[in-house]
Amino acid sequence: MTAVRIVEVGPRDGLRNEPREVPTAVKVELIERLADAGLPAVEATAFVSPKWVPQMADHTEVLERIRRKPGVDYPVLAPNLKGFESARGAGATEVAIFGAASEAFSRRNINCSIAESLERFRPITQAAGQHGIKVRGYVSCVLGCPYEGDVAPERVAQVAQALYEMGCYEVSLGDTIGVGTPAKTRAMIESCAARVPVEKLAGHYHDTYGQALANTYASLELGVRTFDASVAGLGGCPYAAGASGNVATEDVVYMLNGLGVRTGVDLERLVEIGQWICGLLNRDYGSKAGKAIAAKRK
């Protein structure tokens, strides 16, 4: 029986696009409840400019207020040195940096080329090393780009390798617009695994076209053992009107349970959290497995 580590991204990637401000107390409670449900890593917030991501303006308060559970990681996004220093000041023990496999996406998203973005990250990984802070790398648009279309697996592998060699302990491969299919996912993972050890790779699949679980399974078959997911499927895809974003953590856990894969996550508690947060946000519960389990309970 294998084990899989799930990185819960709901409090950060899931909430960032919510139209109404989510109170700090709700974010803190969401993070704490997810950790108590057995998730080994809960991405807490993003140290980015409130001008660009207003929903994350309370990043310092969130990180300082959460009750930290022993053995749980609370990574935060820190895309530049200023963000890193703020995160460190608030007690961060792990930060995440974001690159892209698409040149057009990199320019539109962070106003620089892929090569320039990697150079910007170098001072962060160096400073993190000096302070004993772990760094996780993300690569966006690994299976397609809203501006360029298809993205070559070799380009993804090059960015993943650069992040890994820079000092990222793990590189998360993100299908930002959710266009990937299992065959494309396999080709991309194989290309990356030729340059980065497969146990250092993670899958981050969006469910825009309903392929996230299939892509997770394809990655699992190739030896990937870490996956990002968002409780209740929180988070839309800003590049596809009305599309769902992150794969729901409940759906991933349900599938892995069925495969006899250990996650350490309490699915019943996760469903309660998903219902609770969707009720507060006044949105539909975005997990198919969660809806079915909740209906059975009734």
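The values are calculated or read from the model by the stated rules, or taken from the named source; none is laboratory data. Fair warning: this is a prediction, and the values are worked out from it, not measured in the lab. Cβ sites come from the backbone with ideal geometry, for glycine too, and all protein chains shown count toward neighbours. Just the protein is used for accessible areas: all its heavy atoms, side chains included, with ligands, DNA and RNA removed. Shrake-Rupley method; radii C 1.70, N 1.55, O 1.52, S 1.80 Å.
Every residue in region 72-104 that is of a type in the set (Gly, Ala, Ser), open to solvent by less than 40 Å² (accessible area, probe 1.4 Å) and not in a loop (DSSP other than H, G, I, E, B), please. Walk me through how you get there before you give the answer.
Narrowing region 72-104 to residues of a type in the set (Gly, Ala, Ser): 78, 83, 86-87, 89-92, 96, 99-102, 104.
The next check asks that each one be open to solvent by less than 40 Å² (accessible area, probe 1.4 Å); those that pass are 78, 83, 87, 90-92, 96, 99-102, 104.
Gly83, Ala87, Ala96, Gly99, Ala100, Ala104 - these are the residues of region 72-104 that are of a type in the set (Gly, Ala, Ser), open to solvent by less than 40 Å² (accessible area, probe 1.4 Å) and not in a loop (DSSP other than H, G, I, E, B).
Table: residues versus (1) in contact with a helix residue (DSSP H, G or I) (Cβ under 8 Å, 6 or more places away or on another chain); (2) of a type in the set (A, V, I, L, M); (3) in contact (Cβ under 8 Å) with a residue 12 or more places away in the chain.
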site	(1), (2), (3)
Gly129	no, no, yes
Val139	yes, yes, yes
Val142	yes, yes, yes
Glu148	yes, no, yes
Ala157	yes, yes, yes
Leu163	yes, yes, yes
Cys168	yes, no, yes
Thr176	yes, no, yes
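Within the option set Gly279, Gly286, being open to solvent by 10 Å² or more (accessible area, probe 1.4 Å), in contact with a strand residue (DSSP E or B) (Cβ under 7 Å, 6 or more places away or on another chain) and of a type outside the set (Ser, Thr, Tyr) holds for one residue only, Gly286.
Scanning region 20-69 for residues that are open to solvent by 60 Å² or more (accessible area, probe 1.4 Å) and outside any loop (DSSP other than H, G, I, E, B), we see that the one that is modelled with the lowest pLDDT is Pro54.
Looking only at region 127-136, residues that are among the polar types (S, T, N, Q) and surrounded by 14 or more Cβ atoms within 10 Å (Cβ to Cβ) come to 0 in all.
Quick check on region 250-273. Is at least one of its residues in contact (Cβ under 8 Å) with a residue 12 or more places away in the chain, open to solvent by 20 Å² or more (accessible area, probe 1.4 Å), small (Gly, Ala, Ser) and farther than 17 Å from Pro182 by Cβ? The answer is yes; a qualifying residue exists. A residue that is over 25 Å from Val151 (Cα atoms) and either modelled with pLDDT of 95 or more or not hydroxyl-bearing (Ser, Thr, Tyr) (or both) cannot be found anywhere in region 98-121.
Residue by residue, here is whether (1) in contact (Cβ under 8 Å) with a residue 12 or more places away in the chain; (2) open to solvent by less than 10 Å² (accessible area, probe 1.4 Å); (3) assigned to a loop (DSSP other than H, G, I, E, B); (4) more than 21 Å from Pro146 (Cα to Cα) holds:
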{"site": "Ser172", "(1), (2), (3), (4)": "yes, yes, no, no"}
{"site": "Met188", "(1), (2), (3), (4)": "yes, yes, no, no"}
{"site": "Cys192", "(1), (2), (3), (4)": "yes, yes, no, yes"}
{"site": "Val196", "(1), (2), (3), (4)": "yes, yes, yes, yes"}
{"site": "Gly210", "(1), (2), (3), (4)": "no, no, yes, no"}
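As for region 108-122, it holds no residue that is small (Gly, Ala, Ser), open to solvent by 40 Å² or more (accessible area, probe 1.4 Å) and on the phi > 0 side of the Ramachandran plot. The set of residues from region 163-180 being within 17 Å of Gly132 (Cα to Cα) and hydrophobic (A, V, I, L, M, F, W, C) comprises Met166, Cys168.
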